[in-house]
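A short write-up of the structure that comes next.
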Amino acid sequence: MQYQVYSRDMGEQFSKLTLSVGAIAMGLGIVGVVWANVASVLIALVMSMFFTYRVLPRPAGGTEEKARLADPAKTMYRYSFPLAFSNILGMALIWSDTLLMGYLGTSADVGFYGAALRVGSTFSATILLAFITVFQPVISDLCNRHQMEELRSMFKIVTRWMFFCSYPVFLLLVIFADPVMRLFGSDFSVGSGALVILAIGQLVNASTGASGMMVVMSGRSQMELVNVSVALVINTVMCFLLIPGHGVIGAAIANMSALSVINLMRMAEVWIFMRIHAYKLSDVKPFIAGTASALVLVLINRYLIVGNSIAIAAVLAVVFGVMYISMNLAMGLDDQDQIVLRLAKKRLLNMT
């Protein structure tokens, strides 16, 4: 995972930022920024190939050594090709509703929907990526060693913490959808309803935990290709049906439906092939704490505070966070939660 972080998460993003700033400074405009993004991807590609060359074993030159490495190479290619195509279709899935909005809707709707989609997906995607990046090699290792009990326990812990971190973000986006969208301009409040719908899809994504990574890292890359293909078809068909009559709301419904279907399929596959599910009874605690905190926040916003500005929303968000954490602590943490917190504290101390 460290090489992925070096090349994609650090190399690509740093070069994208610096090259884009340089292009703007030289007056190259949007074309320069586009080429800066292309160059950053190429830089990440070169870094990835360099790390691959360092990590993968290479034959010493003898025929016997080449033959020994042939079978693992074939296995890797059989696994990688479906995954490569699923990644390509995944990119099409990410952009299909926006592109179809431009084709079937208006240019203004593209702007409204694009802003709602960016807000609705960025916060939750950042949280999910943080957990999945850490959990991905663990899944592969435990599956390879057939330690299913440890895998089952880890899957439940990660799912619980993904939901714990994502649920308050979802609630805040729902409550303050209008002031958040007004950050882009007063006209962008049109996208508030779309933001709420998109947030629901992201909540479903978080609620299914790392199911998609469980499917992929357990060696079922062909199954993931099927999942992404089904989601892409659903998204495309629903966009054609809903965008002409409902605009940004129709595109948001299509996105939410596709995201929900693909994650529910992944979760079902984890149960069918691995007999592992993501939930336990104590997982209801974050839901209770979040819902109760959100109700209090709505009452405060409605009866005690006049106005709907982003400054008020920021203050209320802090109040919400304090209530959410306090209620979870009051209901008590599981032993596994305390282990996670101790590990996080230890990591932070080591970093400082």
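Laboratory data are not the source of any read-out in this text; all were calculated from the coordinates shown. Values in this document were obtained by computation on a predicted structure and should not be read as measured data. Neighbour counts run over all protein chains shown; Cβ positions are idealised from the backbone, glycine included.
The ranking of H277, H146 by Cβ neighbour count inside 10 Å, starting from the fewest, reads H146, H277.
With each run of n ≥ 4 DSSP H residues scored as -39500 (n - 2.57), what mean residue ellipticity at 222 nm is computed for the chain after dividing by its residue count and rounding to the nearest 500 deg cm²/dmol? Mean residue ellipticity at 222 nm (helix-derived): -29000 deg cm²/dmol. If the chain linking M91 and S282 were pulled fully straight, counting 0.36 nm for each residue of separation and taking away their Cα-Cα distance, it would gain 65.2 nm. Evaluate Rg over Rh across the stretch 192-344, taking Cα atoms for both radii and Kirkwood's formula for Rh. The Rg/Rh ratio comes out at 1.05.
Using only the Cα atoms of the stretch 72-174, build the gyration tensor, take square roots of its eigenvalues as a ≥ b ≥ c, and label the shape rounded, prolate or oblate: rounded if a/c is under 1.5, else prolate if a/b is larger than b/c, else oblate.
It comes out oblate by the Cα gyration axes.
With neighbour counts taken as other beta-carbon atoms within 10 Å, the residues F81, F155 rank, fewest first, as F81, F155. Between S192, S326, S140, the Gaussian network model of the chain with springs among Cα atoms under 10 angstrom shows the greatest mean-square fluctuation at S326.
At 0.890 mPa s and 25 °C, plugging the Kirkwood radius over alpha-carbon pairs of the chain into Stokes-Einstein gives what diffusion coefficient in µm²/s? So the translational diffusion coefficient is about 108 µm²/s. The R152 and L28 beta-carbon pair, evaluated with R₀ = 56 Å, returns a calculated FRET efficiency of approximately 0.60. When Rg and the Kirkwood Rh are both derived from Cα coordinates, the Rg/Rh ratio for the stretch 116-222 amounts to 1.11. Looking at the stretch 72-151, the trypsin sites (Lys or Arg not before Pro) that sit in a DSSP loop and have at most 13 other Cβ atoms within 10 Å of their own Cβ are R145. Once the Kirkwood radius over Cα pairs is known for the stretch 80-279, the Stokes-Einstein relation at 10 °C and 1.306 mPa s delivers a diffusion coefficient of 92 µm²/s. Measuring how big the stretch 1-56 is from its alpha-carbon positions, Rg and Dmax come out at 12.7, 43 Å. Take every Cα pair under 8 Å whose residues are at least 6 apart in sequence, average their separation, divide by the length of the stretch 1-56, and the relative contact order is 43 percent. Based on Cα contacts under 8 Å between residues 6+ apart, the chain shows a relative contact order of 19 percent. Taken along its three principal axes, the alpha carbon spread of the stretch 228-287 comes to 43, 29, 10 Å, from the longest extent down to the shortest.
In the chain, taking the dipole from charged Cβ atoms about the Cα centre, the farthest positive-side position among N235, G219, G102 is held by G219.
A Gaussian network model of the chain, with springs between Cα atoms under 10 Å, assigns the largest mean-square fluctuation among T126, T18, T159 to T18. For the chain, a Gaussian network of Cα nodes joined below 10 Å ranks D97, D283, D334 by mean-square fluctuation, and the top entry is D334.
Applying a length cut-off of 30 Å (Cα extent along the axis) and a mean Kyte-Doolittle floor of -1.0 to the DSSP H helices of the chain leaves 29-55, 63-104, 107-144, 148-175, 221-274, 310-331. Remark: spin-label model distance L183-R8 equals 2.5 nm, labels positioned 7 Å along the Cα→Cβ axis.
With distances taken between every two different alpha-carbon atoms, the stretch 127-190 has a Kirkwood hydrodynamic radius of 14.2 Å.
Each Lys and Arg adds +1 at its Cβ and each Asp and Glu adds -1 at its Cβ; summed about the Cα centre, the chain shows a dipole of about 620 debye. What percent do you get for the relative contact order of the stretch 78-236 when only Cα pairs under 8 Å and 6+ apart count? Relative contact order comes out at 43 percent.
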